[in-house]
Structures are given as C-alpha cells and as structure tokens.
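Some notes on the structure that comes next.
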Amino acid sequence: MKKILEAIGITILKFFANFIYLFLKCMPTKNRIVMISRQSNNITLDFSLLRDKINELDNNVELKILCHKLEEGIKNKIKYCFYILKIMYYLATSKVCVLDGYCIPASILKHKKKLKIIQIWHASGAIKKFGYQILDKKEGSNSEIAKLMCMHKNYNYIIAPSKITGEIFAEAFNTPIEKVVQLGLPRLEYIVNKKYDLTEQIYKEYPKLKSKENILYIPTFRKDNKINLVEELLKAEIDKEKYNLIISLHPLDDTIVPEEYLIDKKYSSFDLIKIADYIITDYSALSIEASLLEKPVFLYVPDYEEYVKNRGLNISFDKELKTFTSKKISDIMTKIEKKDYDMKELIAYKNKYINVDSSTSISDLSRYLLKIVGSNNLW
C-alpha cells in the first residue's frame, strides 16, 4: 500500500509540475546557459572555471549558475520546492542546461526542443557503480521509483574523458552511447595548469608542509561506515619526523579528525593533491584525476569485498590497480618508506581513463557549449 501511495503521489506531482511548466515555456528563450548542481550550496570548481572562460570567449551569452543541496528537515524541503520552481523557470527560458548530477526538473519535465541538456557529471570517472548500474542494491535507488522519477532522462549529450568512461556513463545513465562526447572536465586543466597552482600560498599559510614529504589521505564517502578509517590510519604510527599527514574528508563525513591534520576547506582536493608527495584514497575518481600529476597514488580498501557486494565497482582493483591497492594501511606505509611504486601501472591507468587533452579542457568544453548555444564569437 505504501508503494502504491508513493507512486500516486509522484505521478500527481509530475502532472502539476508539467502543468506549471507549460506556462513557463510560453516565455521567450534567452541566449543563456544555465548550470545546475546539488553537490554544494556554493559554486562548484567546474562551473566557476566554465563561467570565467565562457565570459571571456563570448560575453553576449548570459550565464546563470544554480547550486543548492537538498538538506534534511521539513523546512529545508519546503524551501527546495520553491527552488525547483526557480530551476523550472531557467530551464524554460534557456538554450542550454549543464548538469553535474541528477536534477529532478531536468528529468521529469517535457522541455522545449530548443533546450539542450548536457550532463558533465561531478567526477572524471566512475570507479564505483552508480545510477542504473545499482538499482535495487543496498546503496542504489529503487527501480520503481527511478522509473517514476525518470532518473537521468532527457540528456542530449554526456561528457566523458575517455571511450571506456563514456561506456560506463552510458550504462549508468541508461543512455545510448551515441550521446557521449569525449571531453574533459575543467578540473583536469585546473590540476595540470600552473596558472591555478596555489602551492606557494598553502606553504605560506602552513610552512610545516614545505619541510617534509606530505601524505594526503582523501577517502570517498561511505553511507554506513563500520570502520573508523581515520583511526586506523593514525594507528599506523606514521613517522612525523619524515612526513606530514594531511586528512581531507568528504563534506558529508562527520568523522572527528585532530586539528593538526586538517587544512582550511577553502583549498579543494585538487589544490591538496598538488602539494602531496603521496596520495591515499579508495573508491574515489580522485585517483584518476590525481594520476595526471604522476605522483604515487595508493588505494586503501579494508572493506573491499563488502563494498563490491553492496555497491559494485566498474574497475577491477585486482587486475588494474594491484600493485598500489591494499587492505592494510601498514602495507601502504611500507611501500612509501621503501619508495616501492610501479609508476608505469599508474600511467597506464591514467591513459586508459583520460584520453582527452587535459591542458585545454576548460576552453574545449566552453567552446563546445558555446557552439550548441550558437555563438558567433568562436574562432
């Protein structure tokens, strides 16, 4: 009975949303690109970089960025409903919509044919399965609800940095492979271009980081984290005379971390990997992005079997990442101490999942979006 009532409720809400949207679509379409994210309440790095480059290339194209997370609580959910109306207005009156995740109005509404929706996703790869790959699994969506909510529908194009990643995205979004376009996220250029390097600024603020080698620990978020990974890391007794340890947790992770291991949150993960000599992560696509710097990347995965069972992976750690994957942090520290690292394996990993020119990813994606808008200022 609960599922039936839920289905009826969703169907009614979709009907009323599309009814309101009919009137909004009567408004004229503007020469505008709207970017929508629910990853953060602040403008994301990728959107910020795109905004600046598009404004530089053609200031006749209007840009609107909408970033808002769906917070817990009835008041926040009511506010989010009004925010959805705002999204609907911009979808009805823009030429191009850029998403970096699932957006309810973008998927459930019937849009003008003029509107093109581009999914760039919020990572440069998909190590862990998501979307349609994990329907009805422990960490996935219910298949019936996904169908009712038209999950990941209406995308005209999907951005991916390699053919293999594109195939993964097409499966996860349940979208034809023909819609995949090989381009890189702006963050790739941010990582490799010295123009965006904040290393000296970080050193000035944290001078201790300049005196020793830096180990950066940056795990992915786990919904049901049964292991205190930070505690396990600190038990490894890292030699503080030789190394600085930096811990950067996911924004949703509430694990308590001693202040001495933290860096101001104004510095992104992509800033921190530049000052790191060694990077320890797990199921995060950050390992793909960090591989661009060709620094030792280690995967600390004590819950590997359980994670594969509950979530599933698109990459076989045993085959592709064998030499730098471990279930014990002590083994990783031994490899760091001995400088035991197969850089050839990391470079092969990088080349497999990033086939685009990272040094021009900001301008390449910006020009692509402007081309769809119909800009006359491209050369």
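The values are calculated or read from the model by the stated rules, or taken from the named source; none is laboratory data. The model shown is predicted, which means the values in this text are computed figures rather than measured ones. Here the Cβ positions follow ideal geometry from the backbone for every residue, glycine too, while neighbour counts run over all protein chains shown. The area values use the complete protein model at the heavy-atom level, side chains included, leaving out ligands, DNA and RNA. Shrake-Rupley method; radii C 1.70, N 1.55, O 1.52, S 1.80 Å.
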Entries of Lys137/Lys322; Lys53/Lys350; Lys110/Lys147 with Cα pairs more than 18 Å apart: Lys137/Lys322; Lys53/Lys350
Relative pair counts by distance (%), Cα atoms of the stretch 116-262, 5 Å bins: 2, 7, 13, 14, 14, 14, 13, 10, 8, 4, 1, 0
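Leaving out ligands and nucleic acids, note down the accessible area per residue over the chain with a 1.4 angstrom probe, in whole Å².
Working: 19020 Å² over 379 residues.
Heavy-atom accessible area per residue stands at 50 Å².
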Inter-label distance, nm, simple model (7 Å from Cα along the C-beta direction), Glu178/Asp52: 3.8
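Give me the percent of the accessible area of the chain that comes from carbon and sulfur atoms, probe 1.4 Å, all protein chains in place. Intermediate values should be presented prior to the final figure.
Values: 10240 of 19020 Å².
In the chain, the share of accessible area belonging to carbon and sulfur is 54 percent.
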Loop GluC sites (Glu not before Pro), the stretch 19-95, which have at most 14 other Cβ atoms in a 10 Å radius of their Cβ (DSSP): Glu71, Glu72
Hypothetical label at Thr29: residues of the stretch 98-115 whose amide nitrogen lies under 20 Å (7 Å Cα-Cβ projection): 98-99, 105-115
For the chain, share of DSSP beta bridges that run antiparallel, in % to the nearest 5: 5
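Starting from the Cα gyration tensor of the stretch 271-379, multiply each eigenvalue by 5, take the square root, and state the resulting semi-axes largest first in whole Å.
33, 17, 11
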Estimated distance in nm for a label pair at Asn41 and Cys67, the labels positioned 7 Å out from Cα along Cα-to-Cβ: 1.3
Taking N as its residue count, the alpha carbon Rg of the stretch 29-82 over 2.2 N^0.38 Å: 1.37
Taking N as its residue count, the alpha carbon Rg of the stretch 121-206 over 2.2 N^0.38 Å: 1.43
Gyration tensor verdict on the stretch 217-298 (Cα atoms; rounded if a/c is under 1.5, prolate if a/b is larger than b/c, oblate otherwise): rounded
Lys223/Leu13 FRET efficiency (R0 41 Å; Cβ-Cβ; nearest 0.05): 0.95
The chain: projected area of the alpha-carbon convex hull, averaged over directions, in nm²: 20.0
Sequence of His152, His111, His68 from largest to smallest accessible area, 1.4 Å probe: His68, His111, His152
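With charges set only on the Cβ (+1 for Lys and Arg, -1 for Asp and Glu), what does the dipole of the chain come to about its Cα centre, in debye to the nearest 20?
The calculated dipole for the chain is roughly 1840 debye.
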Straight-distance crosslink candidates among aspartates and glutamates, where the alpha carbon sits under 18 Å from Lys339 and sequence neighbours closer than 8 are dropped: Glu213, Glu237, Asp239, Glu241, Asp277, Glu294, Asp331
